[in-house]
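The values are calculated or read from the model by the stated rules, or taken from the named source; none is laboratory data. Predicted model only: the values in this text are computed from it and were never measured. Cβ: placed from backbone, ideal geometry, glycine included. Neighbour counts: every protein chain shown. Protein only, heavy atoms only, side chains kept; ligands, DNA and RNA dropped before computing areas. Shrake-Rupley method; radii C 1.70, N 1.55, O 1.52, S 1.80 Å.
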Amino acid sequence: MTCRGKPGPLTQRLACSLGGPRLRQLCGGRRPRSRRNLLLGTACAIYLGFLVSQVGRASTPPPGPGPGPGQAAAGRPPRSSRDTARGAPFPEIPLDGTLAPPEEARDNGSTVQPNVVYITLRSRRSKPAHIRGTVRPKRRKKHAAGLARDAWLRPPSPPPQEAAPRAAYAAAAAAVPGSAREARPAEAGEGGESHIRMYSGRAPAWLSRDDLRAMRLLADGAAAGLQPRASPGGPPRLLLLLGAGAPAAAGAPCGPRPCALLKQPLDTSEVFAFHLDRILGLNRTLPSVSRKAEFIQGGHPCPAIFWDPSLAPASNDTHSSVKLTWGIYQRLLKQNCWLNGRVPKPEWGCTEVHHYEWSKMALFDFLLQIYNRLDTNCCGFRPRKEDTCVQNGLKPNCGDPSSVPLAHIVQRTHDPRHLVFIDNKGFFDRSEDNLNFKLLEGIKEFPESAVSVLKSQHLRQKLLQSLFLDKVYWESQGGRQGIEKLIDVIEQRARILLTYINAHGVKVVPMNE
């Protein structure tokens, strides 16, 4: 059979395939006619189905600006992108903002594999602790580190009705004849703002309402008068009377009027100690802020510490309401006085102080390297000539440590079980190879609340948030950059303390007695 004419390619292929020798061979076999017809019909149906599918594909218009004149199905709408999304290989993954479907890449002209799902992950950048309203640190004026003990005071401006000379406050805050001198009110912030700044709706959780009231009073309260405070063997101190009214009598305590104890500018670590104490959950220090006063030489801020009239009377030589030596103190640690409600026996020699108070004091003093309580003779480290123990000639007295007296061990009159941490002058320039581990001697347990803060990696953030409240202190330390350097020291000592706890098997127990 010959295929004449010039039919279309599909028609010619169909006719030649049906009329060729294959068909004659299939029809001329010896098989039965019924079976032969069935096989022939099946083959033809399959072949026709294949040809029809090929014809349908050939009639589809190619992509272009418009359909050609000889193309069928010109009005057929193109396939929508929803069909492609419906046939995605991972239908269970939602195509939200984090997933980009393959159609987007196909629109950009790039070649896309049919089984690829594009996932875009938003990188989460770690930021440091953000403090709202951080002020730009002011450049500090360089001044000598070793100020004279009485050089930080200058005589205040006397009232016009008094004829007392200006030198009444010159040397060491000598006794003021008659009544206490009038002082100028505290300098208010710009626009009458408080020096205790708070830009959020609530203060940090570790500061109580009483703490905030005391801080505002210390920072912004008007100075109604001044009284000298005796300090044997130490720098002069002043009692700053706060509030309105007539000045108190000379030599009398603060009385009903609140007052603050002013120290020299070199003792500004008292402010840092107050915030660290609250963050660690110890709550043993008195509220303290930095305050500027016109009678301070050079205008340097000095720490103002809230005066608590409930403190028990202290002796003049050790400034303690509980007289102890190092040897007696070590014996008390072994007796576990008042632990678990157990009343100590008289022969144990216990004081009224609870056993856990010594653990809290040791941890606090080690972080700040305060030595004037448990190591008054500086026997556990190499002191400098500026340290009090060297200036008072106490360094050589380390031969018999058991007889060295403890200092600044103070209680409240109505609460003798707990201690009050006073004179918290810390040292941030103590190197790691010169830390005073004598402060930890005899301590077998530490408070769980404080240790958990040291382990939580949130100490820096909390200190920044807390210290930012005190505007004068923040700026006096050089802003955030200066505060960060102080926190670096405390964090490094915290890591050393945690290593000490693990190495010596010190227990960490809850101390909520």
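Can you pull the percent of Cα pairs in the range 450-491 with separation above 13 Å? Before the final figure, lay out the partial values.
Numbers: 445 of 861 pairs.
Roughly 52 percent, once rounded to a whole number.
What is the set of long-range amide H partners of T285 at a cut-off below 5 Å, with H atoms built 1.01 Å from backbone N?
The answer is F421.
Pulled fully out, how much extra length does the chain show between I328 and N37, if you take 0.36 nm times their separation in residues and subtract their Cα-Cα distance?
On the way: separation 291, 0.36 × 291 = 104.76 nm, distance 12.01 nm.
So the chain would gain 92.8 nm between I328 and N37.
Only Lys, Arg, Asp and Glu count, each charged at its Cβ (+1, +1, -1, -1), so figure out the dipole size of the range 251-396 about its Cα centre, rounded to 20 debye. Mind showing how you got there, number by number?
Working: 17 positive and 13 negative charges, 44 e Å.
So the dipole magnitude of the range 251-396 works out to roughly 220 debye.
Give the accessible surface of the range 317-360 per residue, rounded to a whole number of Å², with probe radius 1.4 Å and ligands, DNA and RNA excluded. If you can, show how the numbers build up before the last one.
Values: 2240 Å² over 44 residues.
Computed with neighbouring chains in place, this is 51 Å² per residue.
When the Karplus curve 6.51 cos²θ - 1.76 cosθ + 1.60 is applied with θ = phi - 60°, which whole-Hz ³J(HN,Hα) does each residue of the range 461-473 get, with x for Gly and Pro?
Result, ordered by residue: 4, 5, 5, 4, 5, 6, 5, 5, 4, 8, 5, 5, 5 Hz.
In what sequence, largest accessible area first, do K438, K395, K360 appear using a 1.4 Å probe?
Details: K438 35, K395 75, K360 15 Å².
Order by accessible area, largest first: K395, K438, K360.
If amide H atoms are built 1.01 Å from N in the plane of the peptide, which residues on other chains or at least 5 residues away come under 5 Å of the amide H of C337?
H355
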